[in-house]
Structures are given as C-alpha cells and as structure tokens.
Amino acid sequence: MLFSLFSLVGLTVACADNGLLARDTHVHAKREYPQFPLTPPYRPLPWGDFNVIHTTDTHGWLLGHQNTPWPEPNYSGDLGDFASFVTHMKQIAIEKDVDLLLVDSGDLHDGTGLSDGYPPGGVDAHESNKFLERLPYDLMTIGNHELYIYADTYDMYTNFVPHLNGRYLSSNANITILNSDGEAVSVPVGNRYVKFTTRKGRSVTSFGVLYDFTGNSVNTTVQLVADMVKEQWFAEAIAEEPDVFVLVGHMPVSHDNWPVVFNAIRAVHPCTPILIFGGHSHIRDCQQYDGRTMALESGRYMETIGWMSANLDAAVGNTNNITFNRRYLDQNRVTYEYHTTTSNSTFDTIYGRNITYDLQQLAIDFDLSYFYGNAPLTYTMNQNPYPSSENVLTLFVAEAAPVALAINNTRANVPNIIITNSGELRYNVFVGPFTKNDQLTAAPFTDSFYYIPNVTLSVANQVLPALNGGSNTKRSEVEKALWGRGWVESRYRNWLQDMQERQIQMANATNLTLGYVTIDGCPGTGDDTLHIPLPYYSVPDYIASNSPNVTGDTPIDLIFVDFIESEVLGILNSVQSTTNYTSADVSLYTPTLADAVLGLYAQAIWN
C-alpha cells in the first residue's frame, strides 16, 4: 500500500514559505510522527560558509519508502517533507549568513509508479517531474535514464529544462530536433555550462557531465568525457577563474572519469576550490582528488540526502587545504526535524504539504493502488539467498515469467528457457497487497522478450553459465559493455557485500537498526545516523528459469530480454558451430513487457 506507514491526524501547519507556496488553498491532514523507532542523527550538521544539499538517482521515489520491513522506514520521507526541510535549511543559511545550494545529479525516470505508471499515450516521468520543478534547485544535470527513449528526452528538453532557467546542464549530451527551418540539428538537452553568483556574492562555474553512456536512443548523442574536455567551448568556459567550481554529473566519484574533468580544470586553475556531485552507481561515496576538492555521491531512490560544507573564505589567497565536511542523511522526518530543530507540529510547511497532497493525488490519478493479489512473502534481492523461495529474482524468472509469458501465447507448449540479467529487477516485493505501484517499483523497465526457436537444450543450457562465467577477460568485456548501457547493480551489490563483510567488526553494536554503514575515501564518518548493515547474499549477473524436463537434443525456445541480445548471440556462436546465429534469427516472443510480468503473475497465482 502506498500510504500504509502513516496514519492521518488533524492539521497542524507552520512556517509559510515567503512566496514559495505551490498553492495555499488546500487543507491537508498532517501525517502523524512515524510509529517506528527511527534512530535520529547523532550529531549536528557541520556548516561552512559554502554548503550544498545533494540528491541523485531519485528514479521517481517521490513518495518515499512506505513499507514497514527494515530498513524501509529509514527512508520514509517524501518529496513534500524534503521540500519543507529545504525551506527550513535555506532560512538557517540566511540566519548564519552563509551560502546554501540545492543540486541534483540526474536519473529522474524509471523507478516507481509515479514516474512509470502513466496512462497510455503519456510520457515517462512527465507528471512526476512537475513536482521537482517546484523545488528551488540551483543546478540539475541529465542522467542516462533521461536518454533511453527519445520521447522522454524530448519531453525533458521541451517541458522540464525551461523551468530551470539555464541551470539544467548537459555538457556532453545532445538531442536532435528540427530547427525553425525544418532542418535536423543536434543541440544540448540543457546548457553546456552555467556561470552564476550566489546570495553571498561568490562566482560559480558549473558543468553537468554524463559518464560514457552508450545505451542512448537514436537522435540523441553522448560525447566521451575525454573528448568533451578538449572542446573549445570547454576551454572558454574555464578560462575565467571563478570563486568555486561546482560540478554536477551522472558519473560515479570513484572508478570513473571525474578525474578527467578535474585534471582539465586543474591544468588551468591549480588552486581554485572544486566541489563535485556525482551519481549513477547508487552508493554513498566520497573522494578527495586533492586538498582543495571534494567529490560526493549520495545514493539512490530517495534513501539518502547528501550534504557537503566547505570553508571557502579561509582558502582565499592561499593554497592551503580546504576544510570540507560531508554527510549522508537518512531521508525521513526524524532526520529533517533534528537538523532544523523543529518538532512534528512545527516542521511542515504549506509548500511541503501541498507537494505531498498532490503526489498522493497523482498516485490516485494513475490508479497505483490497483490490486493484483496478495504476496504471501517478502521477496528480497540480497537479504535472502538466490535461488530461494524468498528471493525476488527467483520469484521473477523461475515462477512469474513462465506464467506471464505463456498467457495468450501460441508457443506456450514449446519447452523453453527464459534468461534475463538480474538488473531487470530493481527492488524487493513486500508481503501483503501487491499493487500496480509495487509492480512498477520492482520491475520498472519496459524491456521486450525475444526468442530464438529450435535451439537444442544442450546448447541452450550453456548460455547462462557462459554469461555468468567464462574467462576474466571475457567477463570484463561483457560487464564493460553492460555498464556502458547503464547497468549499475554490480557496483551497488559490491558495496553492500563490503558492508556486510565489515559487520563482524560491529559485533558489540547495540540498539541500532538495519541500514547503510558507509566507508568511503574521505576523512571521518559520513553517515548521519548509525546503523548495522543489512544481511547480504550475492546474486549472479544473469538468471534463468528452470531447465525443461526434456532430453539434450530436444529443440526448445531460448527466450531472453532485449537488453542482452548481443551477449546471447555471441555465446551461442561460441558454444556450437552448426548454426551462425544473427539478429535475423531473433523474434519477439510475446507483446508482454518485463514491467508487466509480476502483475500478471499476481493476478493468476496470488488470488
């Protein structure tokens, strides 16, 4: 259920927003204080003279996490709560007489029913993005999920980007449109860069950089980061020294190309302060490329709000290291009230409550509570082993897909194997009512199922092991190709695994709830609230349905998601020499898309 975490009580609203009201005519019920023992932060935020609040990879999670199993309640705030938090923090910044920016590093699409549950004829995230327009973002940048489908990119270009007034950045991402003469031209989706002055009078130069993404739609282009920094416009943009560079980008701050951008700027300005805000790999991370730079990445799915502070005034006229601080905030009202010294009766703003109300109304308009069936268990991605009856990957590929793909399918009686990458599943399925929103949250991608007929079982059975194994070189090549097309789960899962392996060091920890326990590349402890790590079980990169009970020479249908077509064809041609398989041998297996599988299964089995 979308709103099961909180009950509704009488209205108490404080702190009107000095012109920031979305509208002031609604009367909303205010949510009761969370009825869970949420752990508050254990120390105040470290403010500097230049401060930044950071979001990234929100993927439509604008109503927050509303399920009850831990650690979901840690992330139970919604965008309205966050808007109220930002309003209070902006006021605190004025009282402290310091700068405070709000920035985002991309990926607004693909993740929940609010972004993906639009009626036929709609465009992904068109409606949910309107709520992000209502927040006072100083900078936003493009993510790879804004580029998979041209209609989404064009919607961003025409409807969303103008609301940012030049502050939506796409330094290396273009869209092809028709100009006023009807000619096709390639133009930046947003601005390549922006220069502006803060409330305190600091000059800022900003870029918005996307990692070397290769899975973009036709009529969009992504320039390699290494090529971008060689462009004349880039050289001209950095020629004048600002007080600070603030770089936002959908690119991890570790093991990616931020150093390429950093080095290009440092070659011209060896000492200018640089603040970097990354994204894409869904983890909490921080790096310092030198003593006058900090790079922060703030998780995913409205779980984490990032905070960075810097004392820039002390850096003027010298080359000393800058004092930076960073913090990863759990996204909930307890966190927000702690850091704004408010209470449950004084925290909410009319502006924030309007956003919450309107988000709830959008959920109603999209019929996100549409009931498919009752899930008998909670199925997790990594908290239960794969394969097992409580693993969501097992549920999807071994139980749900064989049922859903057989519906109204003339090939249903032909034995088959179904293969997908494990990244097709994005979230857990929770016990109880399974709704349209739950379906789209667990599996938001509209991937198609293709098949190759008449592959003998003995050959088909070699595809999955080859995808998951092979030489280290071959596996690295496959993972690099998938990473280029947007596959991030391996990086996130490795992070969870490292976290779980450190748990033995916390054997004496008491009274802590499950959550993230972050070790990053910056000094001190970044987590705002103390937790113990989640249980973690590794999962393979690729998963398959159970092999049919037929002989090895029986021809079967080899079914797979379109995302991995090239990998499947390559393996088929490497494990046998009888047939040279090409894309001409691949056909659509069913009109059912991946995001519909769990709902169809729930209707058939969970009722």
Footprinting exposure proxy for 187, 161, 397 (fewest neighbouring C-beta atoms within 10 Å first)
187, 161, 397
Can you pull a Stokes-Einstein diffusion coefficient for the chain at 37 °C (0.692 mPa s), Rh from Kirkwood over Cα pairs, as a whole number of µm²/s?
130 µm²/s
Quick one: order 435, 378, 58, 323 by neighbouring beta-carbon count within 10 Å, fewest to most.
323, 378, 435, 58
Suppose the chain between residue 232 and residue 36 were pulled fully straight at 0.36 nm per residue; how much longer would it get relative to their current alpha carbon spacing?
65.1 nm
Could you work out the mean projected area of the convex hull around the alpha carbons of the range 414-566, in square nanometres to one decimal?
13.3 nm²
Given the alpha-carbon gyration tensor of the range 450-502, what are the semi-axes of its equivalent ellipsoid in whole angstrom, ordered largest first, with each equal to the square root of 5 times an eigenvalue?
28, 14, 12
Please check which bits of the range 306-320 a label hung off residue 271 would reach, taking the label as a point 7 Å along Cα-to-C-beta and the cut-off as backbone N under 17 Å.
311-320
Dimensions of the range 35-130 along principal axes (Cα, Å, largest first)?
49, 31, 18
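Over the range 230-332, what lengths in whole Å, largest first, do the semi-axes of the equivalent ellipsoid take, defined as the square roots of 5 times the eigenvalues of the alpha-carbon gyration tensor?
24, 17, 10
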Can you give me the orientation-averaged projected area of the convex hull built on the Cα atoms of the range 316-472, in nm²?
18.4 nm²
How high is the FRET efficiency from residue 361 to residue 178, r the C-beta distance, R0 41 Å, rounded to 0.05?
0.70
Return one quarter of the surface area of the convex hull spanned by the alpha-carbon atoms of the range 78-117, equal to its mean projected area, in nm².
3.4 nm²
Rg to Rh quotient for the range 295-379, alpha carbon positions, Kirkwood Rh:
1.16
Note: residue 224 to residue 468 extended length (0.36 nm per residue) minus current alpha-carbon separation gives 85.0 nm
Using only the alpha-carbon atoms of the range 167-234 as identical scatterers, what base-10 log of I(q)/I(0) does the Debye formula give at q = 0.13, 0.23, 0.26 Å⁻¹?
-0.44, -1.01, -1.14
Rounded to the nearest Å, the spacing of the alpha-carbon centers of the range 410-488 and the range 153-207 is 35 Å
Return the inverse of the average 1/r over all pairs of distinct C-alpha atoms in the range 8-365, which is the Kirkwood hydrodynamic radius, in Å to one decimal.
20.8 Å
Estimated Rh, the range 367-421: Kirkwood, alpha-carbon pairs, angstrom:
13.0 Å
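Would you kindly state how much longer the chain becomes between residue 565 and residue 584 on full extension, computed as 0.36 nm times their sequence separation minus their alpha carbon distance, in nm to one decimal?
In short, 5.7 nm is gained.
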For the range 324-336, 3J(HN,Hα) per residue [Karplus equation, 6.51 cos²θ - 1.76 cosθ + 1.60, θ = phi - 60°, Hz, x = Gly/Pro]
10, 9, 9, 8, 10, 8, 5, 8, 8, 5, 4, 4, 5
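As an exercise, use a Förster radius of 25 Å and the Cβ-Cβ distance of residue 214 and residue 576 to find the FRET efficiency, rounded to the nearest 0.05.
Efficiency at R0 = 25 Å is approximately 0.30.
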With only helices counted (DSSP H, runs n ≥ 4, each -39500 (n - 2.57)), the per-residue ellipticity at 222 nm for the chain, to the nearest 500, works out to -6500 deg cm²/dmol
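I need 487, 307, 70 ordered by Cβ neighbour count within 10 Å, fewest first.
Working: 487 20, 307 23, 70 14.
The order, fewest Cβ neighbours first, is 70, 487, 307.
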Over the range 544-598, how many percent of alpha carbon pairs lie in each 5 Å bin up to the one with the longest distance?
4, 13, 23, 25, 22, 10, 3, 0
Place a +1 charge on the Cβ of each Lys and Arg in the chain and a -1 charge on the Cβ of each Asp and Glu, then give the dipole magnitude about the Cα centre in debye, rounded to the nearest 20.
860 debye
Given 10 Å bins starting at zero, what is the percent of C-alpha pairs of the range 486-605 in each, up to the one with the largest pair distance?
9, 25, 24, 20, 16, 6, 0
Across the range 563-574, in residue order, what do the Karplus-derived ³J(HN,Hα) couplings come to in whole Hz, using 6.51 cos²θ - 1.76 cosθ + 1.60 with θ = phi - 60° and x for Gly and Pro?
4, 10, 4, 5, 5, 5, 4, x, 5, 4, 6, 8
Dividing the convex hull volume of the Cα atoms of the range 159-301 by its residue count, what figure in Å³ per residue is obtained?
142 Å³
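Bear in mind that the values in this text are calculations on the coordinates, not laboratory data. Predicted model, so just to flag it, every value in this text is computed and none were measured. So basically every Cβ, Gly included, is an ideal-geometry build from the backbone, and we count neighbours across all protein chains shown.
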